[in-house]
1. Does the range 68-79 hold any residues that are in contact (Cβ under 8 Å) with a residue 24 or more places away in the chain and open to solvent by 50 Å² or more (accessible area, probe 1.4 Å), and which are they?
2. Determine whether Tyr82 is open to solvent by 60 Å² or more (accessible area, probe 1.4 Å) and either among the aliphatic types (A, V, I, L, M) or without any contact (Cβ under 8 Å) to a residue 12 or more places away in the chain (or both).
3. Any idea which of Gly77, Gly43 is more than 30 Å from Leu151 (Cβ to Cβ) and at pLDDT 90 or above?
4. Scan the range 176-233 residue by residue and report those that are open to solvent by less than 40 Å² (accessible area, probe 1.4 Å), polar (S, T, N, Q), part of a helix (DSSP H, G or I) and closer than 23 Å to Asn113 by Cα.
5. Working only within the range 85-111, note down all residues that are surrounded by 12 or more Cβ atoms within 10 Å (Cβ to Cβ) and in a loop (DSSP other than H, G, I, E, B).
6. Ala171 passes all but one of (1) out of contact with any Gly (no Cβ under 8 Å at 6 or more places or on another chain); (2) in a helix (DSSP H, G or I); (3) among the hydrophobic types (A, V, I, L, M, F, W, C); (4) under 19 Å from Ile225 (Cα atoms); which number fails?
7. Restricting to the range 117-136, what's the tally of residues that are over 12 Å from the mean Cα position of the chain (by Cα) and open to solvent by 20 Å² or more (accessible area, probe 1.4 Å)?
8. Restricting attention to the range 137-156, does a residue exist that is farther than 27 Å from Thr61 by Cβ, at pLDDT 95 or above and open to solvent by less than 10 Å² (accessible area, probe 1.4 Å)?
Amino acid sequence: MMNKYFYILLIGLISFNLTAQEKKSPYKTDFWKDGAWIAGSVGLNVLGVISIQNKANLSETELANLDGDDIWGINRGAVGNYSEKADELSYIPFYASFATPILMLLGEDERSNFGQISVMFVETMATTGAFFTITAGNVQKSRPLVYNETLPIEDRLDSDAQRSFFAGHTAATAAATFFTAKVFQDFNPESPAVPFVWAGAVAVPAYVGYLRTKAGKHFLTDNLIGFGIGAACGILVPEIHKIGNEKLDVYPTMNTNVMGTGIDTKGIGFNYSF
């Protein structure tokens, strides 16, 4: 599966570079830079997923020490939430958001540069995924449902229930919808539809966040942070590729034993050349 994934990305990058700028585009992509960005961010996703898989379950002692009154006031309303229906329903707008870039095919210039748009979309989602998986794998925070004493104890102790921070579904949905809105505006700055596209970009991940909170998967602040990270990636990745913004660069980074401290770091680096 991973090999097929890279082959598809490679074909997309080659195809774009062979037909680059046949039609007007506000963006500029580079085979080597974008290829490195995708490979690096996918690599960080793999490391993040491994850390999630290796995450320990909550102990019964730790569970007994949890107290809903210790939760921030802004989050306390979600304590003990649990709804299988809301959980299942959240996947509909979540998966649907991944198809929003297809709307770009409706415009002639966007359609002619769809290979370029696809590369940026993959970068956006892979970067968002890297932020999420690395954080979820290394931050221990119990989901609201863990506080629900009517649920089986094994479900409350499971490691999957200990990654409330931050909301990955909300982040991914926001990344997809904000990316689509940003690209649409950059290709069609004078379009009267721009405000409505942005309104939809905000509404869909907000609805996903509401459902994830109702399902007992995340607290409000988890969703707000996920929304912010996804929205930032959805806007910044196309913005970095805009013609005239070549001095701004974003890249995946990983360091071991930083300055002899024994600390290892994984994340996304930003660089601006003056």
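1. Narrowing the range 68-79 to residues in contact (Cβ under 8 Å) with a residue 24 or more places away in the chain: 68, 71-72, 74-75, 77-79.
Those that are in contact (Cβ under 8 Å) with a residue 24 or more places away in the chain and open to solvent by 50 Å² or more (accessible area, probe 1.4 Å): Trp72, Ile74, Gly77.
2. On the way: open to solvent by 60 Å² or more (accessible area, probe 1.4 Å): yes; either among the aliphatic types (A, V, I, L, M) or without any contact (Cβ under 8 Å) to a residue 12 or more places away in the chain (or both): no.
In short, no.
3. Working: Gly77 fails: more than 30 Å from Leu151 (Cβ to Cβ).
None of the others qualify; the one that does is Gly43.
4. Residues satisfying the conditions are Thr177, Thr180.
5. Phe98, Gly107
6. (1)
7. Here the count works out to 1.
8. Taking the range 137-156 first, the residues farther than 27 Å from Thr61 by Cβ are none.
Scanning the range 137-156, I find no residue that is farther than 27 Å from Thr61 by Cβ, at pLDDT 95 or above and open to solvent by less than 10 Å² (accessible area, probe 1.4 Å), so the answer is no.
The values are calculated or read from the model by the stated rules, or taken from the named source; none is laboratory data. Quick caveat: nothing in here was measured; it's all calculated off a predicted structure. FYI the Cβ positions are ideal-geometry reconstructions off the backbone, even for glycines, and counts take in every protein chain you see. Only protein heavy atoms, including side chains, enter the accessible area calculation; ligands, DNA and RNA are left aside. Shrake-Rupley method; radii C 1.70, N 1.55, O 1.52, S 1.80 Å.
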